[in-house]
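Please read the structure below before turning to the comments.
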Amino acid sequence: MEDCLAKKMEITVSEAEKRTGRNAMNMQETYTAYLIETRAVEPQSEGQCAPVDSLWRRYSEFELLRTYLSVTYPHIVVPPLPEKRADFVWHKLSADNMDPDFVERRRIGLENFLLRVASHPVLCQDKIFYSFLTQEGGWREMVNETGFQIKADSRLKALNATFRVKNPDKRFTELKHYSDELQSVISHLLRVRARVADRLYGVYKVHGNYGRVFSEWSAIEKEMGDGLQSAGHHMDVYAASIDDILEEEEHYADQLKEYLFYAEALRAVCRKHELMQYDLEMAAQDLTSKKQQCEELATGTVRTFSLKGMTSKLFGQETPEQRETKVKILEEQIQEGEEQLKSKNLESRDFVKSAWADIERFKEQKNHDLKEALISYAVMQISMCKKGIQVWTNAKECFSKM
C-alpha cells in the first residue's frame, strides 16, 4: 500500500461546471464538466509546495476509464462510479442530473472513485489511469489505442457461459448469490430510508405550522404573548433545519449506493470466471474429441455414430495414405490442444488466485466502510431526536414563564 498513487499524489475533484457543446452526432448538448486537481505529496526544493495540475473531464470520460479498467483487470472488483441520474431519492429532492445539489453529490462521488482507484495496489499503477489524471489532450485516443474493446466479452457470450458451464466453482457461485442478495438488501434499505426521510420532512414542516400559529396567537395575547412568540421562534428554527439535515442524510445514502453498485462489480468478476471456465471446458471437450478421432482412424473402428462414419460405409473406406495424413494432422492438433489446455488451466488458476485475493481485500474494505456509514447514520438520527427534545424543552420553559 505504501507504493499506492494515493500516497504520492493529492487528488481532488474540486469543481463542477455546466457546459454546452456538440456531441458526436453534431447536435448541441448540455453537460457537466469536472475539474480534477492533482498535487505531488513529496516536498519540492527549499521546502516549497508542489504546483497544482488541473484538467477538466466529463462524466463520459470517467465511464470510459472504468470500462477500460474493468476489461483490462477482469480479476479485480473495480470501484463503481456514482450514479448518472439520481435514484432512490425522497420525492422532495430533484432527480434531475443537472440539479446543483445532485451535481455536487456526484462530484464527491467521482472524487471518491478516483481515490479508490489510486489506493488500489494494482489499479493505481496503471499508466492510462495516471494519464487520465495528468494529460488532458489526447487521452481518449490513448485509451482507445490499447485495444481494450477487442478484449471485452459480449453479453451473449457471458449469458451462454452462465448456462453451459458444467463444473462451476462453488466459491464464485456463492459470491454471485451474495452480490445479488447484497444489492437487494441495500436497495430495500434505500427505499425505506427515502420513505423515512419523506415522513421526517413532513414532521419538521408541521413544526413550522406550530411556529406560525403560536406567532399569530401571541398577537392577541398580552400576558401570554411573549411566551408564545418565543415558543413559535423555537419551532420555526427547528422546521428550517430539516433541509440541511436531509442533505446530510443524502450523503449517507450515497455511501450505501456505492456498495449497491459494487454488487455489480462483484458479479462482473464472477461472469469473467464463468467465461474462463466455459472456454476451459470447451477446449478439454475439443481435445477429447480429436483424440477419439485419431484413435478411430488409427484402429479403423468407429466407437460412436457419426455422419462421417456413415459416409465411409456408403462410399468406401479411405486409403491408408489418406488415413495416415489425417492422423498426422490430428496428432499435431492434439499437441496444440494439449498446450492450449495447459495454458488455459494456468490462466484459470492465476485468475482465481488473484481474484480471490482482491475479493478478500474488498470484503475487508466493505465491512469497514458500511460499519462507519451505519454508525454515523445512527449518530445523526440520535442527534436529530435530541434536537427535537430540546425544542420542546425550550417550548415548555417558554410556556412556564407565561
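The values are calculated or read from the model by the stated rules, or taken from the named source; none is laboratory data. As the structure is a prediction and not an experimental result, all values here were calculated from the model. A quick note on method: Cβ atoms are made from the backbone with ideal geometry, for glycine too, and the neighbour counts reach across all protein chains shown. To get the accessible areas, we keep the full protein, side chains included, count just its heavy atoms, and leave off ligands, DNA and RNA. Shrake-Rupley method; radii C 1.70, N 1.55, O 1.52, S 1.80 Å.
Summed over region 328-354, the residues that are more than 10 Å from A283 (Cβ to Cβ), open to solvent by 80 Å² or more (accessible area, probe 1.4 Å) and touching a residue at least 40 places away in the same chain (Cβ under 8 Å) give a count of 1. In this structure, does A263 turn out to be under 30 Å from D101 (Cα atoms), assigned by the TED database to the domain that holds A378 and among the aliphatic types (A, V, I, L, M)? Here the answer is yes, as A263 does meet what is asked.
Just checking, does region 181-190 include any residue being in contact with a helix residue (DSSP H, G or I) (Cβ under 8 Å, 6 or more places away or on another chain) and of a type in the set (D, E, K, R)? The answer is no, given that none of the residues of region 181-190 is in contact with a helix residue (DSSP H, G or I) (Cβ under 8 Å, 6 or more places away or on another chain) and of a type in the set (D, E, K, R). Of all the residues in region 373-402, those that are free of Cβ contacts under 8 Å to residues at least 40 places away in the same chain and not hydroxyl-bearing (S, T, Y) number 13.
Applying the criterion of being modelled with pLDDT of 85 or more and of a type in the set (S, T, N, Q) to the residues of region 45-64, the residue that is surrounded by the fewest Cβ atoms within 10 Å (Cβ to Cβ) is S60. Restricting N394, N367 to those that are within 30 Å of K222 (Cβ to Cβ) and part of a helix (DSSP H, G or I) reduces the list to N394. Looking for something in the same structural domain as T288 (by the TED database), in contact with a Phe, Trp or Tyr (Cβ under 9 Å, 6 or more places away or on another chain) and hydrophobic (A, V, I, L, M, F, W, C) - is there at least one such residue anywhere in region 343-350? Scanning region 343-350 turns up no residue that is in the same structural domain as T288 (by the TED database), in contact with a Phe, Trp or Tyr (Cβ under 9 Å, 6 or more places away or on another chain) and hydrophobic (A, V, I, L, M, F, W, C). Scanning region 125-138 for residues that are open to solvent by 10 Å² or more (accessible area, probe 1.4 Å), out of contact with any strand residue (DSSP E or B) (no Cβ under 8 Å at 6 or more places or on another chain) and assigned to a helix (DSSP H, G or I) gives Q125, K127, I128, Y130, S131.
Residues are listed down the side, and each one gets a yes or a no for (1) outside any helix (DSSP H, G or I); (2) at pLDDT 95 or above; (3) on the phi > 0 side of the Ramachandran plot; (4) surrounded by 19 or more Cβ atoms within 10 Å (Cβ to Cβ):
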site: R66; (1), (2), (3), (4): no, yes, no, no
site: P74; (1), (2), (3), (4): yes, no, no, yes
site: V77; (1), (2), (3), (4): yes, yes, no, yes
site: D87; (1), (2), (3), (4): yes, no, no, no
site: K92; (1), (2), (3), (4): yes, no, no, no
site: D101; (1), (2), (3), (4): no, no, no, no
site: E104; (1), (2), (3), (4): no, no, no, no
site: L114; (1), (2), (3), (4): no, yes, no, yes
site: R140; (1), (2), (3), (4): no, no, no, no
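Restricting attention to region 150-199 and to residues that are modelled with pLDDT of 90 or more, of a type in the set (S, T, N, Q) and surrounded by 15 or more Cβ atoms within 10 Å (Cβ to Cβ), the residue that is farthest from Y73 (Cα to Cα) turns out to be S187. Evaluated against (1) of a type outside the set (A, V, I, L, M); (2) open to solvent by less than 60 Å² (accessible area, probe 1.4 Å); (3) at pLDDT 85 or above, D286 falls short on exactly one condition, (2). Would you confirm whether or not region 221-242 contains a residue that is of a type in the set (F, W, Y) and touching a helix residue (DSSP H, G or I) at 6+ places or on another chain (Cβ under 7 Å)? Checked against the condition, which is being of a type in the set (F, W, Y) and touching a helix residue (DSSP H, G or I) at 6+ places or on another chain (Cβ under 7 Å), region 221-242 yields at least one hit.
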